[in-house]
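Since the structure comes first, as structure tokens, the remarks are kept for the end.
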Amino acid sequence: MPTACVALAGISFAVFGQTVTHEFVDFDDGDYVYSNSVVSRGLTRQGFVWAFTQTHSANWHPLTWLSHMLDCQLYGLNPAGHHLTNVLLHSATVIALFLVLWQMTSAFWRSAFIAAVFAIHPLRVESVAWVAERKDVLSGLFFMLTIGAYVRYARRPSSPVCYGLVAFLFSLGLMCKPMLVTLPVVLLLLDYWPLRRSASAGRLVAEKLPLLALSAGLCVVTLLAQDKAMASMASISVPLRIANALATCMVYLRQMVWPVGLAVFYPYPYSGLPAWEVAESLAGALLAGFSVVAWTWRGNRPWLLVGWLWYLVMLLPVLGLIQVGQQAHSDRYTYLPQIGIYIALTWLIAEWRVSRTARGCVMAGVLTVLTVCACKQVGYWRNSEILWSHTLACTTGNSTAHYNLGSTFQQKGRVDEATAQYEKALQINPYSDRTHYNLGNILSERGRVDEAIAHYEIALQSNPNYAEAHVNLGIALCRTGRVDEGIIQYREALKINPAFAIAHNNLGNALLEKGMVNDAITEYQKAIEADPLYALVRCNLGNIFLEKGRVDEAIAQYQKALQIDPAYANVQHWLGIAFGQKGREREAISHLQSALQIEPSNMQIQNDLAWHLATCPEASLRNGKKSLELARQANDLAGGGNPIILQILAAACAEVGQFNDAKRNVQKAIELAPATGRQDLLEQLNNELKFYEAGRSLNK
């Protein structure tokens, strides 16, 4: 037994071990891990409560969330660790499947073969190589553990402890993925074979009632969680749903024996299956035929009926009769259901009247072919660009694949290629809210704000609850001077998601632009409440406090922002200014120097640091030579026409004793000062000119 377990783990790693070199993919991995602010922080009390009390990505699966949080705690956002966890969980599920089958049937080699096929079949790739599908491998492990506990209970049916363990493990499995709701029915099938329990059917059903109650409860929770993701009967007719469901059952069987052309996303045939009436009739006839054969042979071949019903029953929740999402079918949905087919076929092969050697050669050949196919399929998951390019090569009319490939290009800065993919996606689906949204973002970044606004508005017509589209539309409107309309959009976003920190921040910006300073402060504070690690909003709040003369409060906000992001140049800059206003020159210079290290070509930072190095009251902190170097750089960047920069250049010249240059620069600043409308600046420049005429620097 140990040798078999090691071998099964070995072939699992042989196929899926390469995933530790893969990246995250731009398809739910962001929502589940790297862009999820709760998950990416690791295991926290807030995250634990969130996992059990919130629905996210149209799902309630708290244990899956906790497993992702644990990975973030252990590995951070290094995808290698997240992939490794998936491989380990899948390997554990494979071994558990072997042990459970062997325990139930006493058929060592058949159980090992089934587990091996399950381990390496190309249809498993999506569940294992995709970080966001953690719910498959995690729920799969609890599925096997539940069956193992049930086998022990079936042999001691009077033990409440054994039954309690079954219910407990089943509950954990349900908290990983709702697809396990059919497990009580699978247990009834196992009662028939191979457990061959002698109790009456009524008693066996009654025995499953507590488990069925757990399933029913989770069904309600899942329906509530997926309410917004469900397609209405108006968009997908009942006949089309039935036709697609029947066809899907046959597609999975075809993919099982001919696993080529596998893709991460198969578009739903909204316009109808090709000759769907014929397809529905043919698929229905084949499924009915298989069912009749399995029922007819149930006496001598009970495993055929059990395996077939295992497959159909476990597929039922994901056949699209209640359609969630835009996929016609998905490889990942076969993760547990196809075990039933493996059982049926393996026991059927065992009946062949051929030598053990011949049978062994057939099994070895099957495993070899599957290994080669699976290794190739895993390679398509190396990164998002390869994944979506392969998907487009395997499917047609796939607007989702075009959208995601466009999104990948956009993240890489390949904007023209991204635009081309978005346009292809819109040719297939002109009402895709996400595509219009991303295309709007590209146009906005290119300065084509009016066109961007048009795309945001179409996105919101398709999906009025698209909070991000409301926010970006608000930003675009504010850029065109329509601040009041922008404020309306931000408020709409906050009606949809009151804890949307970015919306609060941008609303604060708009209110500040309208002169509503106190209201802006309130919005910034709400943004911080929603996301305490939002460094930008702390900087914005600090700037308001600094403007209002509340320097200590400004410094506190800047320092908290730096704790979040020490490389935030703008915060280092403003913190230097704030310390300068407090007369804490050493700290002011230190932060300005840090800011300049991060952004060495930032004219304003050069300018402010040059001023402090030239005019600091403490001689030990002054550095006239460095001040002059920075002031000249800033003046060159400004084109020599900024009176404030010329003022600082004059101060730097005076600090190194170049008083003629100081006078010349300050006189030029005096000429330019009236255009600024600042009388105080003009007076200050005239006073400084007197210093230079007297051969004195400003710090003397």
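For this structure, a couple of remarks:
- Karplus-derived HN-Hα couplings along the stretch 9-21 (A = 6.51, B = -1.76, C = 1.60, θ = phi - 60°), whole Hz, x at Gly and Pro: 5, x, 6, 5, 6, 4, 7, 9, x, 5, 5, 5, 9
- Rounded if a/c under 1.5, otherwise prolate or oblate - the stretch 384-456, Cα gyration tensor axes: oblate
- By average C-beta atoms within 10 angstrom, highest first, the peptides 87-96, 513-522: 87-96, 513-522
- Per-bin percent of Cα-Cα distances, the stretch 514-561 [10 Å]: 31, 58, 11
- Crossing angle, helix 134-155 versus the chain [Cα axis fit, 0-90 degrees, rounded to tens]: 40
- Equivalent ellipsoid semi-axes - Cα gyration tensor, the chain, angstrom: 65, 26, 23
- For Lys424, the lysines whose Cα falls under 20 Å of its own Cα, not counting residues fewer than eight places away in the same chain, are Lys412.
- For q = 0.18 Å⁻¹, Debye-computed log10 I/I(0) when each Cα of the stretch 309-401 counts as one equal scatterer: -1.04
- Ranked by how many other beta carbons lie within 10 Å on average, peptides 123-136, 157-170, 592-605 from highest: 123-136, 592-605, 157-170
- Cα-based shape type of the stretch 10-154, given that a ≥ b ≥ c are square roots of the gyration tensor eigenvalues and the cut on a/c is 1.5: oblate
- Projecting the Cα atoms of Ala92, Val125, Trp50 onto the dipole axis of the stretch 49-189, where Lys and Arg carry +1 and Asp and Glu carry -1 at the beta carbon, places Ala92 farthest toward the positive end.
- Short-range pairs are left out: with C-alpha atoms under 8 Å and at least six residues apart, the relative contact order of the stretch 2-378 is 20 percent.
- Ordered by the count of other Cβ atoms within 10 Å of each Cβ, fewest first, Tyr268, Tyr32 give Tyr268, Tyr32.
- In sequence order, calculated HN-Hα J values of the stretch 330-337 (Karplus, 6.51, -1.76, 1.60; Hz; x Gly/Pro): 8, 4, 5, 5, 8, 3, 9, x
- Residue exposure sequence - Trp574, Trp109 - by fewest surrounding Cβ within 10 Å: Trp109, Trp574
- For the chain, size of Cβ-based charge dipole, Lys and Arg +1, Asp and Glu -1, in debye: 2600
- Whole-Å semi-axes of the ellipsoid equivalent to the stretch 551-642 (Cα gyration tensor, √5λ, descending): 22, 16, 10
- With contacts taken as Cα pairs under 8 Å at a separation of at least 6 residues, the chain carries a relative contact order of 8 percent.
- Equivalent ellipsoid of the stretch 2-378: semi-axes from √(5λ) of the C-alpha gyration tensor, largest first, are 30, 25, 24 Å.
- Cβ-defined net charge surrounding Gln46, 14 Å radius [Lys, Arg +1; Asp, Glu -1]: 0
- Unsatisfied cross-links (Cα-Cα over 24 Å) in the set Lys495/Lys560; Lys548/Lys690; Lys177/Lys208; Lys626/Lys663; Lys526/Lys560; Lys526/Lys582: Lys495/Lys560; Lys548/Lys690; Lys526/Lys582
- Crossing angle, helix 679-693 versus the chain [Cα axis fit, 0-90 degrees, rounded to tens]: 60
- Candidate aspartates and glutamates - alpha carbon under 15 Å from Lys376, same-chain residues fewer than 8 apart omitted: Glu126
- Taking the number of Cβ atoms within 10 Å of each Cβ as an exposure proxy, the fewest-first ranking of Arg434, Arg196 is Arg196, Arg434.
- Note, ³J(HN,Hα) from phi for the stretch 35-48, Karplus 6.51, -1.76, 1.60, rounded to Hz, x at Gly and Pro: 10, 8, 5, 6, 5, 5, 7, x, 7, 9, 4, 4, x, 4
- Descending Cα extents along the principal axes, the stretch 420-469, whole Å: 25, 25, 13
- Folded to 0 to 90 degrees: helix 585-598 orientation relative to the chain principal axis, Cα: 50
- A simple packing score, the average count of other Cβ atoms within 10 Å per residue, orders the peptides 532-539, 390-397 as 532-539, 390-397, with the highest score first.
- Each Lys and Arg contributes +1 and each Asp and Glu -1, all at the Cβ; summed about the Cα centre of the stretch 2-378, the dipole is approximately 1320 debye.
- Take the Cα of Ser106, go 7 Å toward its beta carbon, and the backbone nitrogen atoms of the stretch 149-177 under 20 Å from that spot belong to 149-157.
- Dimensions of the stretch 313-472 from C-alpha coordinates, computed as largest minus smallest value along each principal axis and given longest first, are 75, 34, 23 Å.
Computed from the coordinates by the stated procedures, all read-outs in this text should not be read as laboratory data. Everything quoted here is computed from the prediction, not taken from an experiment. Reconstructed Cβ throughout: ideal geometry from the backbone, glycine too, with neighbour counts over all protein chains shown.
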